[in-house]
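The values are calculated or read from the model by the stated rules, or taken from the named source; none is laboratory data. Since the structure is predicted, the reported quantities are computational estimates derived from the model, not experimental observations. In this analysis, Cβ positions are derived from the backbone assuming ideal geometry, glycine residues included, and neighbour counts consider all displayed protein chains. Keep in mind that these areas ignore ligands, DNA and RNA; they rest on the heavy atoms of the full protein, side chains included. Shrake-Rupley method; radii C 1.70, N 1.55, O 1.52, S 1.80 Å.
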Amino acid sequence: MNDYMYTDQHEWVCVEGGVAIMGISIYAAEQLGDIVYVELPDIGASVSQGDEIAVVESVKAASEIYAPVSGVVIEINEALGEAPDTVNEDPRGEGWLLKLKMNKPADLEKLMDEAAYDSFIEDLG
Amino acid sequence: MTESILKPDLKATPLHDLHVELGGKMVPFAGYAMPVYYPAGIMAEHMHTREKAGLFDVSHMGQAVLKLEKGLSGDAAHEAIAAAFETLVPGDIKGLKPGAIRYSLLLDENGGILDDLMITRPEGEERQGELFLVVNAAMKAQDFSHIEIKLQGVARLTPLGARALLALQGPKAAQVLAPLAPDAEALSFMQMGEMDVNGVTCLVSRSGYTGEDGFEISVAAAEADALARALLAHNDVLPIGLGARDSLRLEAGLCLYGHDIDQTTDPVSARLAWTIAKRRRIDGGFPGAEHILGLLKKGAPNKRVGLAPEGRAPAREGTEITDGQGAIIGRVTSGTFGPSVGGPVAMGYVHSKFASEGTMVQLMVRGRARPARIQPMPFTPHHYHKS
């Protein structure tokens with residue numbers, strides 16, 4: 001598995017063989033608090049980078065999740081239906097949201113690497 | 001996580017430093033910097049309050065004393081101040097015994113709800129002719145000026161700006177408070193007494209906004225921090241933020257002003273007709289009485305209902321409610337995930353013909369119709385301490 005890359009909307013993405021697996025960052029999971037519901041797209045849905053792709057809801061509010069890269073949804077994390085709190089427990093592992101078959105690799109150039117993201121969230125305070 | 005930068009014009013409650021010290025996530029609410037949650041998080045804070053005891057800072061709410069101008073004493077003084085206040089609310093204020101609290105509604109001339117509030121007849125011979133009022137934070141300036149104008153020359157309103165208000169809520173609340181305030185245990189639900197708490201004279205009422213047993217303690221601002229720390233020192237007490245306050249009150253079926261009730265709603269549609277006393281239904285004499293008494297006879301076109309969405313997706317405020325054919329029949333006014341219920345809960349208004357228990361409706365969440373059942377409230381049983 002390659003390195004994690006991040007959007008400024010706090011999604012992470014890991015790319016392997018043209019497939020991008022994505023989720024929300026540890027920072028985002030902490031900010032959202034207890035996650036009680038995750039709405040994932042249909043398999044086969046086609047998205048462009050920055051499109052709304054999922055919704056993560058805490059007790060307090062619903063938050064939109066955006067596609068970090070363009071592509072087609074090929075798999076969703078079905079386990080989150082029964083256990084949405086997995087996103088809090090392990091946002092970068094078991095709490096992954098979905099996989100996209102990428103169709104625009106240049107999208108990755110707009111993302112931050114780990115170090116850049118760390119300093120980005122540090123600046124947010 | 002560091003405290004977010006807040007607007008400098010936000011007011012701080014007397015417990016502000018304590019909230020920050022406890023790691024509270026501070027957000028603007030009704031002009032105040034308030035904790036929305038602490039490090040435990042909304043879910044844990046909610047469950048803790050239902051199982052043990054939670055401490056809430058509700059100092060942003062408006063406390064005031066309304067005092068009769070005329071020099072009467074005893075029951076005659078109460079009768080006079082109550083008669084004056086009954087021109088603003090539909091509740092039975094005259095009938096309050098010393099120390100009794102009543103939940104009521106400030107109404108406009110059309111019967112619209114200006115605010116909901118707590119009204120207490122104080123104990124003590126020298127305090128007859130006074131009413132102690134607690135109103136919503138966001139409404140206090142308007143409420144106070146409304147009351148002053150309407151009762152000018154009859155009664156004088158003194159806002160108690162220098163007092164904090166702490167709420168201790170949950171099944172362990174009485175046990176926690178007993179060593180600090182031995183007299184508190186004798187209060188029953190909706191009763192208030194003046195008593196020493198942690199060595200300081202406070203107004204203690206057995207009431208709250210969670211559906212649980214509990215107390216609200218009005219204390220001088222300067223003493224609030226020490227009192228809060230004394231309560232938090234107990235193993236069973238956690239500080240609770242506004243997030244869990246909202247999920248607790250929603251599960252308890254209690255209205256939030258500005259969301260579930262406002263000036264466009266009336267007590268009958270809001271299913272708060274129980275606040276209209278029997279005597280007042282006969283005599284009227286409250287704002288909008290004709291309209292409201294008419295609604296009581298004919299029924300209101302819309303009604304506030306509880307909604308239990310199927311599945312796990314919460315339906316938030318503003319969600320459209322439709323019938324089986326997709327026609328809009330109402331709107332959600334409050335919605336969240338109920339931690340004690342273990343699923344989403346909501347309330348809203350629907351056309352009366354859809355308001356009966358068990359009726360299936362649809363909630364339009366993100367463009368998709370999701371089934372929900374009209375459900376009686378509260379969603380979780382109340383555990384008030386009634387004698």
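Can you run down the residue pairs with Cβ atoms below 6 Å, 6 or more apart or on separate chains, where the first is in region A:10-21 and at negative phi and the partner is crowded, with 18+ Cβ neighbours inside 10 Å and polar (S, T, N, Q)?
A:TRP12/A:SER25
Residue pairs, Cβ under 8 Å, 6 or more apart or interchain, first in region A:30-43 and more than 9 Å from every other protein chain (Cβ to nearest Cβ), second of a type in the set (D, E, K, R) and surrounded by fewer than 20 Cβ atoms within 10 Å (Cβ to Cβ). List them.
The qualifying pairs are A:ILE35/A:ASP85; A:ILE43/A:GLU75.
Find all pairs meeting these conditions: Cβ atoms under 7 angstrom apart; at least six residues apart or on different chains; first residue within region B:236-262 and over 17 Å from B:HIS382 (Cβ atoms) and more than 11 Å from chain A (Cβ to nearest Cβ); second residue among the hydroxyl-bearing types (Ser, Thr, Tyr) and in a loop (DSSP other than H, G, I, E, B).
B:PRO239/B:TYR38
Taking the residues in region B:32-84 that are among the charged types (D, E, K, R) and within 20 Å of the chain's Cα centre (by Cα) as candidates, determine which candidate is farthest from B:HIS382 (Cα to Cα). So that I can check it myself, show each step before the final result.
Initial filter on region B:32-84 (among the charged types (D, E, K, R)): B:45, B:50-52, B:57, B:67, B:69-70, B:75, B:79.
Cutting the leftovers down to within 20 Å of the chain's Cα centre (by Cα) gives us B:45, B:50, B:57.
Numbers: B:GLU45: 18, B:ARG50: 10, B:ASP57: 21 Å.
So, considering only residues that are among the charged types (D, E, K, R) and within 20 Å of the chain's Cα centre (by Cα), the one farthest from B:HIS382 (Cα to Cα) is B:ASP57.
Conditions (1) farther than 30 Å from A:LYS60 by Cα; (2) outside any helix (DSSP H, G or I); (3) out of contact with any Leu (no Cβ under 7 Å at 6 or more places or on another chain), marked per residue:
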| site | (1), (2), (3) |
| --- | --- |
| B:SER247 | no, no, yes |
| B:HIS259 | no, yes, yes |
| B:ARG281 | yes, no, no |
| B:HIS291 | yes, no, yes |
| B:LEU295 | yes, no, yes |
| B:VAL305 | no, yes, yes |
| B:GLY311 | no, yes, yes |
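Scan region B:102-117 and tell me whether some residue there is open to solvent by 40 Å² or more (accessible area, probe 1.4 Å) and either under 19 Å from the mean Cα position of the chain (by Cα) or β-branched (Val, Ile, Thr) (or both). Let's see the steps before the verdict.
Here is the first cut: in region B:102-117, the residues open to solvent by 40 Å² or more (accessible area, probe 1.4 Å) are B:102-103, B:109-110.
Adding the requirement that they be either under 19 Å from the mean Cα position of the chain (by Cα) or β-branched (Val, Ile, Thr) (or both) leaves B:102-103.
Yes, the conditions are met somewhere in region B:102-117.
If you take the residues in region B:317-360 that are in a loop (DSSP other than H, G, I, E, B) and touching a residue at least 40 places away in the same chain (Cβ under 8 Å), which one is farthest from B:GLY258 (Cα to Cα)? Before you say what the answer is, go through the steps one by one.
Initial filter on region B:317-360 (in a loop (DSSP other than H, G, I, E, B)): B:317-319, B:323-327, B:339-342, B:355-359.
Then drop every residue that is not touching a residue at least 40 places away in the same chain (Cβ under 8 Å), which leaves B:317, B:319, B:326, B:339-341, B:355.
Details: B:GLU317: 11, B:THR319: 16, B:GLY326: 27, B:PRO339: 23, B:SER340: 24, B:VAL341: 24, B:ALA355: 22 Å.
Here the residue is B:GLY326.
Go through region B:276-296 and give me each residue that's surrounded by fewer than 13 Cβ atoms within 10 Å (Cβ to Cβ) and either aliphatic (A, V, I, L, M) or touching a strand residue (DSSP E or B) at 6+ places or on another chain (Cβ under 7 Å) (or both).
Once the filter is applied, which keeps residues that are surrounded by fewer than 13 Cβ atoms within 10 Å (Cβ to Cβ) and either aliphatic (A, V, I, L, M) or touching a strand residue (DSSP E or B) at 6+ places or on another chain (Cβ under 7 Å) (or both), region B:276-296 yields only B:ILE282.
List the residue pairs whose Cβ atoms are under 7 Å apart, where the first residue sits in region A:56-81 and is within 13 Å of chain B (Cβ to nearest Cβ) and open to solvent by 40 Å² or more (accessible area, probe 1.4 Å), the second is outside any strand (DSSP E or B) and among the β-branched types (Val, Ile, Thr), and the two are 6 or more positions apart or on different chains.
Correct list of pairs: A:LYS60/B:ILE42.
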